[in-house]
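Report on one structure; see the data block that follows.
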Amino acid sequence: MTNYSDWNTAIVHYFTQNVPYSTKIYLSLDDDALTKIGANFAHDCTDNSWAENFCEIVSRKVVNGEKIDLDTISGHDSLGYPRGIAFLGIMVLAANQMAEDEQIDQRNYFKRLRQILNLPDDGQPRPKGLKIELNEEAPEVQLWKQWNRWLIRQGFIPTAQEGFGKTTKNTNYPISQSLLRNADKDRLRRIFIEMHWQTRWDEQTLFTKVANEYSRYAHHLRSLIDDRQRYEPLAQAIHETYLDWLECGSANNLIGESRQRAWSRQLYAGIYRTEDFLGNIEYSLYPKQQRGRSLDSLEVQCNGNSYPLREDRAGWYLPVGILFRQEISEGTTYQIKPDTQVEKLILPRRDFWVLVPDPDNPESGVYASWSSPKLGEQFIILFRESLFTDLQRLRDENLIQWEGDRENKCQVFGDNSNWYEIYQCQVLSQAWDGVFLQSQELKDALQPTTKLSISLSGGLRVASSKGWIFDYPPQVTAFAFHPSVEIEVSNIQGNSAIAQKSYPSNTPMSFNFPSVGEFMIRANCLGETSQRLIKLINWGDVDMALQNQLGG
Amino acid sequence: MQSRRTPRNTQNRSQIQRWYMGFKQKTGKVKPTKLLEVISREIQTRNLSRYLPIMRIEKSPKGEYYFFLAIESKGFEIPHEIAKLLKELKDIYFKLPVDKTRNCFELEQIKPMVGNAHDVTDYTNPIPYRSQTRTISESSLTLSDSNQTQPLDQERINNLSKNHEHFLYWLSAVGSGAWELFRKTCEILGLVEPKRVLRRLKLLGHITTSGNGSKWQVNPPSLLEIQSENGDRTFILHGQRSIKFLNTFRTFGFLETCNQPRGEAPPCIYFRLPSEIGYETLTQRMQEQGYSITLTPFRNIPDIATWYSNLLVVQGLLPYKFRLKKFNGQDFIDYTFQRETGFYQFFSQDIDSHPQYTFFYDQDSDQWVQGDWYGLRFWAIYQMNQGNLCAYYSEENNTLCVLFSHRWAEVYETHLVMSSGVLPRYESDTLIYQGISTDLVNELSQKLNISI
């Protein structure tokens, strides 16, 4: 039997386990996610579905008579997780159940929440227990703020925020977390079926294919596709829907509530690039972990060798094998043993790879497909020759720049290869809308997803402690497409500002931190905000790590 | 060796021209953002970007505005697909051409009005491109001869020791990494000559590197028992350490710290274990505190020929791309490569200051090998059979003296240094190793074929 605490912990794991640090976290809980989370429990479901079980248990915990009682889920549990996450999850579940173009206001939203929690409609917009007292904020907002604070301390980027309008100020918290609503997923599945999309594309490729069918979507899905800030989580959510559909045999009778969802039996891989001191370049297979799922003792068969899959860092297994031109050109599928939980590792066929510096050790000289390039970050693009015209077009329009002149590209994989690299590539501008490329996928991958970001550079970092040595703090650069940025530096409680004024953007700045501890950097520019946590530690806080085997 | 930074020209696009068609529109009818959205969608859906790469809209459009479609074609021709697009959308978007006779413009003609494509949004402020200095890859194993030993005062030695100790804490926490990361961290901590720092840490048994020196890994903590003057057992600590680890250790025995000569490495830590605590008890208790500790593994000392045969062979090296110098027994002199066995320095053709790489060429096997700098020099002297290869051992003081110019390969020097936990002292042109047992000297002289 599951209880509230089990669900609360399991939801935290589902959304944060195997997720790289500095990732935006959306608490996008829906029926599919609940089915997968339930599948991780050690026992079978005692209700009709895990979603039903979840709603029943949360309702039993927080509903007292006809009133919601948030006191029962205040504070943190013994693992340090906020107790209110399962309740916040059910709030998002309600947002996901809103119809395609249902107007977002309090009445509509709480109608859905009441249905889930079996609360009667008392004619008031908000249910009892969530009513807003005079001059106070909505009772559930404290839970959202607690969740956001917890995410920041773990190194993630929170995304739940209040709305701008009076009617959406509070309801925007759960609605901002809802990526694909149930109706959107059904729409996508219809597209997959009609287009016979059975090639196992990766997230980026699939996103471009889906976006090309833009005119066939309702308002909500269109607005999601147009929102560059949600590009990566949306591409991931669409991909998960796609994998679910493939996992169910890509049949055309799975629309509706009767469908079953299971964890994908495929892992996907990026590529990992190293270069020795003679300039010899090697690419390795870089397997991605499945979010929220623990897989143990797996081996991947690659070019006649068997490699154990061992964790490199959150989200990634250690790189394995050496990739040759043919594998990268054509995409390859590798067998995984034992095949009881997952059976294949897929290196997708792509026309280009964007390789960014190691986020934990930017000086290491290693580049891999960890993420999209961040603002101001320099990266490498590995591409087929046919894309060079597109890249040159982007450069001609001052949207990107790379090392050397516009003709400068370097051949890889030997003299007869049609694969090239460009180095020290950087995105310069945000005005990509007027430029049309042959490869829309390339444009999607390079076009900035934010207008403002905080970058930390230099200093002496100890990744395992998630902090910098106090004597060697990092420099802070706020990258933005505006000459100045408002920056506030304060301690984690936010009650002591160390600095608060307008600073020039795109310029590294040093701050005098008064002591060891955790400090919040908040940047604000033209209504967009960004925040990063800096943890400063003493040498006494630095402890030994377990080593990986030395290769090469 | 794959080519790195070899520019290649793209396909010849000289026949294709980019030119512009211009149109007028009213904001009351179609707002610029809507226009951009619709035309973007059409271009993507119809896959026309190869003909129509960009659209530029008049800056700060008011009641009526101009917009221009960039067209890429031969001789200002309108590609069939574009003509079809213009016709289909004419009534709403392309009804009013800017020039009714020859609606054809160069960028220069319209630039004052529209600027670059990214100026479609007037608040754009591009992020400046940071052109980084091109770094020349250098092997971490490549050194140049140096025996400069300027005197240091005690305060300087203490500060250097502290910085090196901090560096070892950092290495212990990070675990492993690339040479570039090691080099950069040395810079941050103010430790000069990172290649020598790397070598010293290897000599002291704290870290190991891959055969080509591109990766490093800190060794797990281990204890080497040495002869003690009192009844307690005394060990030297090698490998990882942290303040917490040392504090835990201290609860079981007595720790004594001794700066290295000149403070050029982390201090040597001696650990004295009281007789009432067994070694097994110690390791078990440390394990309970989360720290695994072992005895320093016994090392097989290879003979010099075996050492050489195990060096890493370099593949794909093209000597003609570099300027070479060859070791003549004392110095490196300019040399045109003629496949002669010997120890070579490789310099970039256009940069003169430091050698990028050092390799040994073996004519018999036609192979280049890489190894530690002093080791390859020792092997070169050994091969020339010209350098009175000898050393002096004082049984009374347990010290071994080696000529600086005949410094031994790293693997042999590591045995000398680890046995005492202390780096050698410099005296005029000699290196002096202390705490060396007769057994070790005899074994090393035999393996190296050196008279002591």
Selection from the range A:390-402 of residues that are open to solvent by less than 30 Å² (accessible area, probe 1.4 Å) and either free of Cβ contacts under 8 Å to residues at least 24 places away in the same chain or more than 7 Å from chain B (Cβ to nearest Cβ) (or both): A:Asp390, A:Leu391, A:Gln392, A:Leu394, A:Ile400, A:Trp402
query: A:Ser515: more than 10 Å from chain B (Cβ to nearest Cβ), over 17 Å from A:Asp360 (Cα atoms) and in a strand (DSSP E or B), yes or no?
result: no
- prompt: How many of the residues in the range B:192-209 are under 29 Å from A:Pro474 (Cβ atoms) and either part of a helix (DSSP H, G or I) or open to solvent by less than 10 Å² (accessible area, probe 1.4 Å) (or both)?
  reply: 9
- request: Those residues that are more than 8 Å from chain B (Cβ to nearest Cβ) and out of contact with any helix residue (DSSP H, G or I) (no Cβ under 8 Å at 6 or more places or on another chain), I need them from the range A:358-381; list them, please.
  value: A:Pro359, A:Pro362, A:Tyr367, A:Ala368, A:Ser369, A:Trp370, A:Lys374, A:Glu377, A:Phe379, A:Ile380
message: Restricting to the range A:445-462, name every residue that is in contact (Cβ under 8 Å) with a residue 24 or more places away in the chain, of a type outside the set (A, V, I, L, M, F, W, C) and at the interface with chain B (Cβ under 8 Å from one of its Cβ atoms).
response: A:Gly458
task: Check A:Glu421 against each of (1) among the charged types (D, E, K, R); (2) open to solvent by less than 10 Å² (accessible area, probe 1.4 Å); (3) within 7 Å of another protein chain (Cβ to nearest Cβ) and name the one condition it does not meet.
output: (3)
message: Go through (1) part of a strand (DSSP E or B); (2) among the hydroxyl-bearing types (Ser, Thr, Tyr); (3) within 14 Å of chain A (Cβ to nearest Cβ) for B:Thr248 and report which single condition fails.
response: (1)
Among residues of the range A:231-250, those that are of a type in the set (D, E, K, R), open to solvent by 40 Å² or more (accessible area, probe 1.4 Å) and farther than 17 Å from A:Leu442 by Cα, counted: 2
- line: Checking A:Val356, A:Val366 in turn, the sole residue that is in contact with a Pro (Cβ under 9 Å, 6 or more places away or on another chain) and either free of Cβ contacts under 8 Å to residues at least 60 places away in the same chain or farther than 30 Å from A:Val476 by Cβ (or both) turns out to be A:Val356
task: Run down B:Ser214, B:Ser161, B:Ser242 and say which single residue is at pLDDT below 90, of a type outside the set (Val, Ile, Thr) and either closer than 21 Å to B:Val411 by Cβ or not assigned by the TED database to the domain that holds B:Glu410 (or both).
output: B:Ser214
message: Which of the numbered conditions does A:Cys410 fail, given that it passes all the others? Conditions: (1) within 7 Å of another protein chain (Cβ to nearest Cβ); (2) open to solvent by 30 Å² or more (accessible area, probe 1.4 Å).
response: (2)
- prompt: Can you find a residue in the range B:54-77 that is more than 14 Å from every other protein chain (Cβ to nearest Cβ), open to solvent by 70 Å² or more (accessible area, probe 1.4 Å) and either within 17 Å of B:Glu106 (Cα to Cα) or among the small types (Gly, Ala, Ser) (or both)?
  reply: yes
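Restricting attention to the range A:63-72, which residues are part of a helix (DSSP H, G or I) and either charged (D, E, K, R) or modelled with pLDDT of 95 or more (or both)?
A:Asp71
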field: Failed item, numbered, when B:Phe337 is tested on (1) touching a helix residue (DSSP H, G or I) at 6+ places or on another chain (Cβ under 7 Å); (2) open to solvent by less than 50 Å² (accessible area, probe 1.4 Å)
entry: (2)
query: Do we find that A:Gly540 is assigned to a loop (DSSP other than H, G, I, E, B) and within 14 Å of chain B (Cβ to nearest Cβ) in this structure?
result: no
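So which strands (runs of 3 or more DSSP E) are wholly in the range A:263-345 and hold at least 3 residues that are surrounded by 21 or more Cβ atoms within 10 Å (Cβ to Cβ) and modelled with pLDDT of 95 or more? Show your work before the answer.
Numbers: elements: A:266-275, A:281-287, A:299-302, A:305-308, A:311-313, A:332-337.
Per the criteria, A:266-275, A:281-287.
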query: Given B:Ser348, B:Ser451, which one is hydroxyl-bearing (Ser, Thr, Tyr), at pLDDT below 90 and either crowded, with 20+ Cβ neighbours inside 10 Å or over 27 Å from B:Leu198 (Cα atoms) (or both)?
result: B:Ser451
- line: Residues of the range B:165-190 being open to solvent by 10 Å² or more (accessible area, probe 1.4 Å) and more than 7 Å from every other protein chain (Cβ to nearest Cβ), in sequence order, are B:Glu165, B:Trp179, B:Arg183, B:Glu187, B:Gly190
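In the range A:346-357, which residues are more than 14 Å from every other protein chain (Cβ to nearest Cβ) and open to solvent by less than 70 Å² (accessible area, probe 1.4 Å)? Full working, then the answer.
So the first thing to find is which residues in the range A:346-357 are more than 14 Å from every other protein chain (Cβ to nearest Cβ), and the list is A:346-356.
Residues satisfying the conditions are A:Ile346, A:Leu347, A:Pro348, A:Arg350, A:Asp351, A:Phe352, A:Trp353, A:Val354, A:Leu355, A:Val356.
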task: Looking only at the range A:425-444, decide whether some residue is open to solvent by less than 10 Å² (accessible area, probe 1.4 Å), more than 7 Å from chain B (Cβ to nearest Cβ) and assigned to a loop (DSSP other than H, G, I, E, B).
output: yes
message: Restricting to the range B:214-237, give me the number of residues that are out of contact with any helix residue (DSSP H, G or I) (no Cβ under 6 Å at 6 or more places or on another chain), open to solvent by less than 40 Å² (accessible area, probe 1.4 Å) and within 13 Å of another protein chain (Cβ to nearest Cβ).
response: 5
- prompt: With respect to the numbered conditions (1) under 25 Å from B:Thr248 (Cα atoms); (2) assigned to a strand (DSSP E or B), which one is the sole condition not fulfilled by B:Pro220?
  reply: (2)
- prompt: When the range A:170-194 is examined, which residues are found to be outside any loop (DSSP other than H, G, I, E, B) and among the basic types (Lys, Arg)?
  reply: A:Lys185, A:Arg187, A:Arg189, A:Arg190
query: All but one of (1) at the interface with another protein chain (Cβ under 10 Å from one of its Cβ atoms); (2) open to solvent by 20 Å² or more (accessible area, probe 1.4 Å) hold for A:Pro504; which doesn't?
result: (1)
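Please tell me if B:Tyr93 is of a type in the set (Phe, Trp, Tyr), under 29 Å from A:Pro448 (Cα atoms) and touching a residue at least 40 places away in the same chain (Cβ under 8 Å).
Considered against the rule, which asks whether it is of a type in the set (Phe, Trp, Tyr), under 29 Å from A:Pro448 (Cα atoms) and touching a residue at least 40 places away in the same chain (Cβ under 8 Å), B:Tyr93 comes out as yes.
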Enumeration of residues in the range A:213-230 that are assigned to a helix (DSSP H, G or I), touching an Asp or Glu at 6+ places or on another chain (Cβ under 8 Å) and surrounded by fewer than 17 Cβ atoms within 10 Å (Cβ to Cβ): A:His219
- prompt: Within the set of pairs 6+ apart or on separate chains, which have a first residue in the range B:268-289 that is under 30 Å from B:Leu423 (Cα atoms), a second that is assigned to a helix (DSSP H, G or I) and open to solvent by less than 100 Å² (accessible area, probe 1.4 Å), and C-beta atoms under 8 Å apart?
  reply: B:Cys268/B:Ser420; B:Ile269/B:Leu246; B:Phe271/B:Phe249; B:Leu273/B:Tyr279; B:Leu273/B:Leu282; B:Met286/B:Thr248; B:Met286/B:Phe249
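The values are calculated or read from the model by the stated rules, or taken from the named source; none is laboratory data. Everything numeric in this text was worked out from a predicted model, so none of it was measured. In this analysis, Cβ positions are derived from the backbone assuming ideal geometry, glycine residues included, and neighbour counts consider all displayed protein chains. Just so you know, the surface numbers come from the protein's heavy atoms only, side chains and all, with ligands and any DNA or RNA stripped out. Shrake-Rupley method; radii C 1.70, N 1.55, O 1.52, S 1.80 Å.
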